[in-house]
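What follows draws every value from the coordinates through simple rules; no lab data is involved. Computed from a predicted model, the values in this text were never measured in an experiment. Neighbour counts run over all protein chains shown; Cβ positions are idealised from the backbone, glycine included.
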Amino acid sequence: MSVLPAPLNPPDRVLLGPGPSDVSSRILRALSAPTIGHLDPHYLELMDEVRSMLREVFRTENELTLAVSATGMAGMECIISNLLECGDEMIVCINGVFGGRMADMASRQGIVVHKLEAEWGRVFDLAQIEEAFKRHPGAKAIGIVHAETSTGAHQPMDGIGELAHRNGSLLIVDAVTSLGGVDVRIDDWGVDACYSATQKCLSCPPGLAPVTFSKRAEEKMAGRTSKCVSWYLDVSMVRDYWGSARSYHHTAPINMTYALREALLIILEEGLDVRFARHERNHRALRAGLEAMGVSYIPQHSLTTLNCIGIPDGVDDVVARKHLLEQYGIEIGSGLGPFKGRAWRIGLMGESSSERNVMLVLSALESALTRQNVSFKEGVGPAAAQAVYGSRD
Ligand SMILES: *Cc1c(COP(=O)(O)O)cnc(C)c1O
């Protein structure tokens, strides 16, 4: 190369998209700590601490709880490929991008997928799920997305685990955009396998996928007649690396483990309930501000961590997001699939969920809309949000 690029100097950004979210300086410091060997006794202690803190955050007693060395999609792939075998039947609930990916992934592995579809932005009720089990009595598992990042829909979880177990099925849950921001109760809900990712509400850089498996899931895996189709994600080997055997399987991303450990510590220091209440308050303030401006929410039950809103009529999506990024350093997400060009997705996840960011994004949006000469209620958004912060409840 004749001219070398300049030294690394990424711009300052406020990450209010569908992930990654802002990473605190405490976690960045943890990332920059000296790398040690992945079989060093000190590192093994860190792995144990990560596992026990993950259990707290997942609200589970599951022994088999660890972090897969890759992003959230690998968490999904790890669970699907370990719990199900070629020829097994699975019901997949699809009301957005990520349910669709789960179905695609499972069918590539020879799993017989029965799709249960709902309109984008809507959630599933128990009657629909019960009906699906009646139609497919042989289903070995049902997969559902708790927090559908493509639509901002928050799936209610009560009763689904019971329904699955009564039908001899395991419950698989995607909690990528909920874990650490919205209550996730693995044991209370009867979830058999759940995956998440570090870069959403855990506020770490991307790179690890926390997963947890119930005893029922372990029994299903123990009864397999074929090997897991993925070598890298085969839990029967990965668990020996994270467990007492400590046998080498792959080289864990040491510094990412430091970062996840620090992120989990930050979460438990804040307290799960306090943290969820913070996400709730900032969501309510943002929502009050947006609705006062005349902007509406798309999903039936909105997540507090991801706000999916309709782009006001006449607004140029790309120009507005460019204005936010260039003038304010704010990243928000565009719409996916049927919402492309119609929706914006404003993430308030983990470190990004703050009063400062809510006030900032409302002001920036007002500025972006004003420049486009579209009619909206000017000057009322930030005041409506402020009113939520000013009230005591
Ligand atoms: C982001 C996301 C994923 C995928 O995670 P990656 O870390 O991007 O691989 C899966 N499911 C949901 C709901 C997500 O929001």
Alpha carbon centre of the stretch 269-327 versus the stretch 343-366: separation in Å? 6 Å
Taking one equal scatterer on every alpha-carbon of the stretch 112-221, how large is log10 of I(q)/I(0) by Debye at q = 0.19 1/Å? -1.02
Radius ratio Rg over Rh of the stretch 245-335, counting only Cα atoms, Kirkwood formula for Rh: 1.14
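Sorted by average packing, counted as other Cβ atoms within 10 angstrom per residue and highest first, what order do 252-261, 49-58 take?
Descending mean neighbour count gives 252-261, 49-58.
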Measure nothing but the geometry: give the 0 to 90° angle between the long axis through the Cα atoms of 355-371 and the longest principal axis through the Cα atoms of the chain, rounded to 10°. 50 degrees
Computed [θ] at 222 nm, helices only, for the chain once each DSSP H run of length n ≥ 4 contributes -39500 (n - 2.57): -13000 deg cm²/dmol
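How many Å³ per residue does the convex hull of the Cα positions in the stretch 106-176 occupy?
Convex hull of Cα atoms, per residue: 95 Å³.
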With axes computed from alpha carbons, what is the tilt in degrees of helix 381-390 against the longest principal axis of the chain, rounded to the nearest 10 within 0 to 90? 60 degrees
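Hey, with R₀ at 30 Å, roughly what FRET efficiency would residue 232 and residue 36 work out to, going by the Cβ-Cβ distance, to 0.05?
Plugging the Cβ-Cβ distance into 1/(1 + (r/R0)^6) gives 0.85.
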25 Å tail of the calculated P(r), the stretch 145-294, as % of Cα pairs: 41 percent
For a bin width of 10 Å, list the pair-distance distribution of the stretch 271-390 built from all Cα-Cα distances, rounded to whole %. 14, 49, 32, 5, 0
Between 0 and 90 degrees, rounded to the nearest ten: what's the tilt of helix 254-270 against the longest Cα principal axis of the chain? 70 degrees
Taking one equal scatterer on every alpha-carbon of the stretch 144-193, how large is log10 of I(q)/I(0) by Debye at q = 0.17, 0.26, 0.30 1/Å? -0.47, -0.99, -1.20
For Cα pairs less than 8 Å apart in space and 6+ apart in sequence, what is the mean separation divided by the residue count of the chain, i.e. the relative contact order in percent? 23 percent
Check: C-alpha center the stretch 235-264 vs C-alpha center the stretch 160-204, spacing in Å is 21 Å
For the stretch 1-107, what class follows from the C-alpha gyration tensor (a ≥ b ≥ c being the square roots of its eigenvalues): rounded when a/c is under 1.5, otherwise prolate if a/b is larger than b/c, else oblate? oblate
If Lys and Arg each add +1 and Asp and Glu each add -1, what is the summed charge of the other residues whose beta carbon sits under 14 Å from the beta carbon of residue 217? -2
Please give every one of the lysines within straight-line cross-link reach of residue 115, meaning a C-alpha to C-alpha distance under 30 Å, and leave out same-chain neighbours fewer than 8 residues apart. 134, 140, 200, 215, 220, 227, 340
Using the alpha carbons of the stretch 350-393, what is the convex hull volume per residue in cubic angstrom, as a whole number? 78 Å³
Two decimals is fine: what is log10 I(q)/I(0) at q = 0.08, 0.09, 0.10 Å⁻¹ for the chain, from a Debye sum with one equal scatterer on every Cα and no solvent? -0.43, -0.55, -0.67
